[in-house]
Amino acid sequence: MNIDRIKSTIRAMLNLAADEAASPAEKEQAMRRVTKLMDEHNLREEDLADADGILDSLDNIEVGHAKVDLGIKACAWMSALCVWTERLLGTVKTYVIRSGKQTNCVFYGVLSDCQIAAEIYFEARDFIETACGTKYGGCKRGDGYSYCMGFITGLQEQLKRAQTVNAPMKNALVVKRNAIVVKKQALAERWKQDQNLKLCSRSQRVHIRNDVAFLNGIIDGSRYSVNTDRRKKLTT
């Protein structure tokens with residue numbers, strides 16, 4: 001089955017899932033097939049649209065930023081989570097602002113992607129804080145801090161493995177997808193220049209005090225799955 005036929009099948013399943021006349025069981029089965037096909041063939045939502053059309057539409061797309069509040073005395077793992085979110089999407093850039101005790105992370109680039117980045121960040125942070133609170137009581141110091149840093153390490157390792165697996169793929173769909181990513185990155189860079197931002201990298205010293213908590217975090221982070229609310233985005 002070629003890629004165009006696969007995409008046609010997915011669109012047909014999406015139409016069935018959105019059909020008011022279809023039964024709940026039929027809709028559920030259609031969405032299960034959609035998810036299976038997309039996972040098997042490494043497809044994303046934007047792949048269902050015309051890649052050339054998407055590239056053309058980027059000429060007039062809104063560019064901007066989305067700011068997320070890291071809170072008072074933000075931890076290093078929170079900043080690291082922002083970097084992981086940037087690398088996960090691949091289409092936005094990020095920087096951290098520190099003013100006194102207050103810290104904010106700014107995602108910039110295509111505005112809709114920035115908003116998605118902020119959603120992914122908050123979703124992951126809430127998950128980490130909940131898991132850490134259950135196991136260690138808190139996430140800003142001691143064992144809980146070690147766990148959170150481990151979780152971020154697990155996320156990074158999981159992403160690196162996925163990128164390694166996908167790297168050899170060179171079909172036409174991947175080439176077009178990469179062209180979209182490159183153009184979005186260029187738009188982000190242009191926004192930074194328009195804002196006259198001069199950003200520099202900052203390294204933070206990370207002290208892990210509990211190796212067991214750190215390793216537990218790595219295990220949980222390597223298993224974490226980003227919930228992009230795929231069904232809702234595909235059917236609207």
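Any chance you could count how many residues in region 49-84 are among the acidic types (D, E) and modelled with pLDDT of 90 or more?
So the first thing to find is which residues in region 49-84 are among the acidic types (D, E), and the list is 50, 52, 56, 59, 62, 69.
This time we only want the ones that are modelled with pLDDT of 90 or more, so: 62.
Adding up the residues that qualify gives 1.
Condition (residue is under 19 Å from the mean Cα position of the chain (by Cα), assigned to a helix (DSSP H, G or I) and more than 23 Å from V182 (Cβ to Cβ)) applied to region 128-145: is it met by at least one residue? Spell out how you get there, then give the answer.
Within region 128-145, the subset under 19 Å from the mean Cα position of the chain (by Cα) is 128-129.
Filter again for assigned to a helix (DSSP H, G or I), leaving 128-129.
The next check asks that each one be more than 23 Å from V182 (Cβ to Cβ); those that pass are 128-129.
So far as region 128-145 goes, yes, one or more of its residues are under 19 Å from the mean Cα position of the chain (by Cα), assigned to a helix (DSSP H, G or I) and more than 23 Å from V182 (Cβ to Cβ).
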List the residue pairs whose Cβ atoms are under 9 Å apart, where the first residue sits in region 1-23 and is touching a residue at least 12 places away in the same chain (Cβ under 8 Å) and more than 15 Å from N42 (Cβ to Cβ), the second is of a type in the set (S, T, N, Q) and assigned to a loop (DSSP other than H, G, I, E, B), and the two are 6 or more positions apart or on different chains. A18/T236
Given the criteria of a type in the set (K, R) and either modelled with pLDDT under 85 or within 30 Å of M149 (Cα to Cα) (or both), does R87 qualify? yes
Can you tell me which residues in region 15-42 are surrounded by 15 or more Cβ atoms within 10 Å (Cβ to Cβ) and assigned to a loop (DSSP other than H, G, I, E, B)? A22, H41, N42
Which ones in region 62-84 are crowded, with 21+ Cβ neighbours inside 10 Å and of a type in the set (G, A, S)? A66
Does C148 satisfy the condition of being at pLDDT 90 or above and within 20 Å of K73 (Cβ to Cβ)? yes
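Across region 183-236, what is the number of residues that are assigned to a helix (DSSP H, G or I) and at pLDDT 80 or above? If you could, list the steps in order and put the result at the bottom.
Looking only at region 183-236, we keep the residues that are assigned to a helix (DSSP H, G or I), and these are 183-194, 211-223, 230-235.
Going one step further and asking which of them are at pLDDT 80 or above, we end up with 183-194, 211-223.
The qualifying residues number 25.
The values are calculated or read from the model by the stated rules, or taken from the named source; none is laboratory data. All values derive from a computational prediction rather than experimental measurement. No Cβ is skipped: glycine too gets one built from the backbone with ideal geometry, and neighbour counts run over all protein chains shown.
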